[in-house]
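J.: One structure, as structure tokens, below. Some questions next.
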Amino acid sequence: AREAAAAAEAGRALVPGGVPRPAPRAGPLTPAEEARNLAILWAGCFLTSASWSLVLPFMPIMLRHLGVPQARLATWTGIVFAAAFATAIFFSPIWGAWADAVGRKVNMLRSGITITIVMIGMANAHAAWIVLIWRLLNGALSGFIPAAYSLVAATTRSERLGRSLGILQTGPAAGAILGPLLGGGLVQLAGIQATFYLAAAAQAAATALVLVLVREPDPPRRGLRLDLFAGLGQAFANPGLRMVLAASVLLQLAVTIIEPLITIYVGQFPGVTAVPFLSGLLFSLVGIAAVVCSPFWGRVGERRGFLAIAAVGLAGAAVGNAGQLLCRSLWSFGAVRLVSGVAYAGANTGLGTMAAVTVEESFRGRAYGLLTSSQQLGNLLGPLLGGFWGDAFGIHSAFGVASIGFALALGLLVPGLARLHRGEPLPGVR
């Protein structure tokens, strides 16, 4: 007992056989450890995003290969895409609460392992309904990227929080840009099944990086009771977080109203050839803007306030999407879409950071779980609304609907801005 006490005082722990080893150090991260965590989590989020974007754009190829007839291919593709969003809406808050109870790093490892298994399962699916089941499980068990946001938000000094989350946001955006470019070539050369295996390997690599190199300073709070319903009540009693969640639904809904229609819209410009390539390029402009501009928006938020940059970003996105109604050439459309992407990066960075600063550190896992649910709800509803509206009233008019969505999200922030102007801050919001 005396030897064990002495070893503990020296910062060591005895293992079987009496051999001392260094004990994990508790306490806050040093600046160097913060920077290392951020770099590793960026790489993990990049690999996770790239792994899915390697295969998801080419899901129709897989479904057709599995025997889905051409007449039903679009319907099956939509169902398979929406399946993960549908289950993620309900399960993301559960995993967020679990992360607050046992640790954010553990939640990332859980998610990374299960996503890898899901990808291998999809690679070996022999019927469309099996692919659908794996996609439902994907939504229910995922959460790698939100857990990374939660870990950074919980371990980063407040004066660097905005820029750190802004930098982290560029990881998934860069993966979403690169994935389809590589995936198209891989599917062409090696086939969709081999591409799924490569995607699984990328996710496994991301998980291994987190396991070996990421440090979470606080030990798991094993005595914390996981009470999801109490957590939901606490979240919706917080006016700042409630505002963020509602605005995030509308933000994602407005973005995804347009995205499924871009390929069809590009084909309507006179004299345009190479529609798939140009559509992919235009589709990626928002991601490029996020990679370039999110760290800038994070630094501005640290100085001016995250509510302010969210409002400016939503206003710019509303104006930009309305401006796309006036475009008469592909190049003007691309230029306006790039500007809209810069604005979207500001709105997304502002709302994402506000999800952290409106709650206590011990609640941030649940806050990001709820934020993910709100975003997935928008991702689910947006394509459905966009498809219906485009068929009923024309694709061109869908840009106006998206602009209204951004404006409504901005309207949700106005009461908070007014309270700040009167010197009555919302919890944690500046």
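J.: Give the stretch 364-389 a look and list any residue that's in contact (Cβ under 8 Å) with a residue 60 or more places away in the chain, more than 18 Å from Ile89 (Cβ to Cβ) and open to solvent by 10 Å² or more (accessible area, probe 1.4 Å), or say none.
T.: Arg364, Gly387, Trp389
J.: What pairs come out if I take residues in the stretch 124-139 that are under 24 Å from Leu370 (Cα atoms) and touching a residue at least 60 places away in the same chain (Cβ under 8 Å) and pair them with residues that are assigned to a helix (DSSP H, G or I) and open to solvent by less than 70 Å² (accessible area, probe 1.4 Å) whose C-beta lies under 7 Å away, six or more apart or interchain?
T.: So the pair list comes out as Gly139/Ala83; Gly139/Ala84; Gly139/Phe85; Gly139/Ala86; Gly139/Thr87; Gly139/Ala88.
J.: Could I ask something else about it? Identify all residues within the stretch 39-83 that are crowded, with 20+ Cβ neighbours inside 10 Å and not in a helix (DSSP H, G or I); write none if there are none.
T.: Val68
Results for (1) of a type in the set (A, V, I, L, M, F, W, C); (2) at pLDDT below 85; (3) surrounded by fewer than 21 Cβ atoms within 10 Å (Cβ to Cβ), shown as yes or no for each residue.
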| residue | (1), (2), (3) |
| --- | --- |
| Phe283 | yes, yes, yes |
| Arg299 | no, no, yes |
| Val342 | yes, no, no |
| Gly346 | no, no, no |
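J.: Check whether at least one residue in the stretch 326-338 is more than 26 Å from Ile262 (Cα to Cα), open to solvent by 40 Å² or more (accessible area, probe 1.4 Å) and not in a helix (DSSP H, G or I), and report yes or no. Full working, then the answer.
T.: Taking the stretch 326-338 first, the residues more than 26 Å from Ile262 (Cα to Cα) are none.
Within the stretch 326-338 (the criterion being more than 26 Å from Ile262 (Cα to Cα), open to solvent by 40 Å² or more (accessible area, probe 1.4 Å) and not in a helix (DSSP H, G or I)), the answer is no, since none of the residues qualifies.
To keep it simple, each residue is scored yes or no on (1) at pLDDT 90 or above; (2) under 21 Å from the mean Cα position of the chain (by Cα); (3) surrounded by 21 or more Cβ atoms within 10 Å (Cβ to Cβ).
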{"position": "Thr195", "(1), (2), (3)": "no, no, yes"}
{"position": "Ala205", "(1), (2), (3)": "yes, yes, no"}
{"position": "Leu226", "(1), (2), (3)": "no, no, no"}
{"position": "Ala230", "(1), (2), (3)": "no, no, no"}
{"position": "Pro239", "(1), (2), (3)": "no, no, no"}
{"position": "Leu245", "(1), (2), (3)": "yes, yes, yes"}
{"position": "Leu253", "(1), (2), (3)": "yes, yes, yes"}
{"position": "Glu259", "(1), (2), (3)": "no, yes, no"}
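J.: Filtering the stretch 285-297 down to residues that are in contact with a Ser or Thr (Cβ under 6 Å, 6 or more places away or on another chain) and open to solvent by 20 Å² or more (accessible area, probe 1.4 Å), which residue is nearest to Gly334 (Cα to Cα)? Can you show your working first?
T.: Step one: list which residues in the stretch 285-297 are in contact with a Ser or Thr (Cβ under 6 Å, 6 or more places away or on another chain), which gives 291, 294, 297.
In the following step, the residues that additionally are open to solvent by 20 Å² or more (accessible area, probe 1.4 Å) were identified as 291, 297.
Working: Val291: 17, Trp297: 22 Å.
My answer is Val291.
J.: Mind checking whether some residue in the stretch 365-388 is outside any helix (DSSP H, G or I), touching a Leu at 6+ places or on another chain (Cβ under 7 Å) and not basic (Lys, Arg)?
T.: Within the stretch 365-388 (the criterion being outside any helix (DSSP H, G or I), touching a Leu at 6+ places or on another chain (Cβ under 7 Å) and not basic (Lys, Arg)), the answer is no, since none of the residues qualifies.
J.: Among the residues of the stretch 304-316, are any among the small types (Gly, Ala, Ser) and part of a loop (DSSP other than H, G, I, E, B)? Let's see the steps before the verdict.
T.: First pass over the stretch 304-316, keeping only residues among the small types (Gly, Ala, Ser): 305, 308, 310-311, 313, 315-316.
Narrowing the set further to residues that are part of a loop (DSSP other than H, G, I, E, B) leaves 305.
Among the residues of the stretch 304-316, at least one is among the small types (Gly, Ala, Ser) and part of a loop (DSSP other than H, G, I, E, B), which makes the answer yes.
J.: Looking at the stretch 409-430, I want the residues that are on the phi > 0 side of the Ramachandran plot and have a partner that is exposed (fewer than 12 other Cβ atoms within 10 Å of the Cβ) and modelled with pLDDT of 75 or more with Cβ atoms under 8 Å, at least 6 apart or on another chain. Which pairs are those?
T.: none
J.: Contact list please: Cβ distance under 8 Å, first residue in the stretch 192-205 and closer than 13 Å to Ala43 by Cβ and in contact (Cβ under 8 Å) with a residue 24 or more places away in the chain, second residue in a helix (DSSP H, G or I) and open to solvent by 10 Å² or more (accessible area, probe 1.4 Å), pairs at least six apart or on different chains.
T.: From residues that are closer than 13 Å to Ala43 by Cβ and in contact (Cβ under 8 Å) with a residue 24 or more places away in the chain, the pairs are Ala202/Leu47; Ala202/Ala50; Ala202/Leu54; Gln203/Leu47; Gln203/Thr116; Ala205/Leu47.
J.: Does the stretch 261-281 include one or more residues that are part of a loop (DSSP other than H, G, I, E, B), polar (S, T, N, Q) and modelled with pLDDT under 70?
T.: Taking the stretch 261-281 first, the residues part of a loop (DSSP other than H, G, I, E, B) are 267-274.
Applying the additional criterion that residues be polar (S, T, N, Q) yields 268, 273.
Subset that is modelled with pLDDT under 70: 273.
Yes, that holds for at least one residue.
J.: Which condition from (1) in contact with a Pro (Cβ under 8 Å, 6 or more places away or on another chain); (2) over 26 Å from Gly103 (Cα atoms) is the one that Thr170 breaks?
T.: (2)
J.: Here is a follow-up. Of everything in the stretch 84-142, what is among the polar types (S, T, N, Q), in a helix (DSSP H, G or I) and modelled with pLDDT of 90 or more? Give them in sequence order.
T.: Of all residues in the stretch 84-142, those among the polar types (S, T, N, Q) come to 87, 92, 107, 111, 114, 116, 124, 138, 142.
Within this subset, residues satisfying the condition of being in a helix (DSSP H, G or I) are 87, 92, 107, 111, 114, 116, 138.
Across the stretch 84-142, the qualifying residues are Asn107, Ser111, Thr114, Thr116, Asn138.
J.: For the stretch 5-28, state whether one or more residues are within 27 Å of the chain's Cα centre (by Cα) and modelled with pLDDT of 75 or more. Reasoning before the result, please.
T.: Residues of the stretch 5-28 that are within 27 Å of the chain's Cα centre (by Cα), as a first pass: 28.
With modelled with pLDDT of 75 or more added as a condition, the list becomes none.
No; the residues of the stretch 5-28 include none that is within 27 Å of the chain's Cα centre (by Cα) and modelled with pLDDT of 75 or more.
J.: Among the listed residues Ser150, Ser92, Ser142, which satisfies the condition of being over 22 Å from Met354 (Cα atoms) and out of contact with any Cys (no Cβ under 9 Å at 6 or more places or on another chain)? Write out each step before concluding.
T.: Numbers: Ser150 fails: over 22 Å from Met354 (Cα atoms); Ser92 fails: over 22 Å from Met354 (Cα atoms).
Matching residue, one of Ser150, Ser92, Ser142: Ser142.
The values are calculated or read from the model by the stated rules, or taken from the named source; none is laboratory data. None of the values given here were measured: they were computed from a predicted structure. So basically every Cβ, Gly included, is an ideal-geometry build from the backbone, and we count neighbours across all protein chains shown. Note: accessible area is taken over every heavy atom of the protein model, side chains too, but ligands, DNA and RNA are not part of it. Shrake-Rupley method; radii C 1.70, N 1.55, O 1.52, S 1.80 Å.
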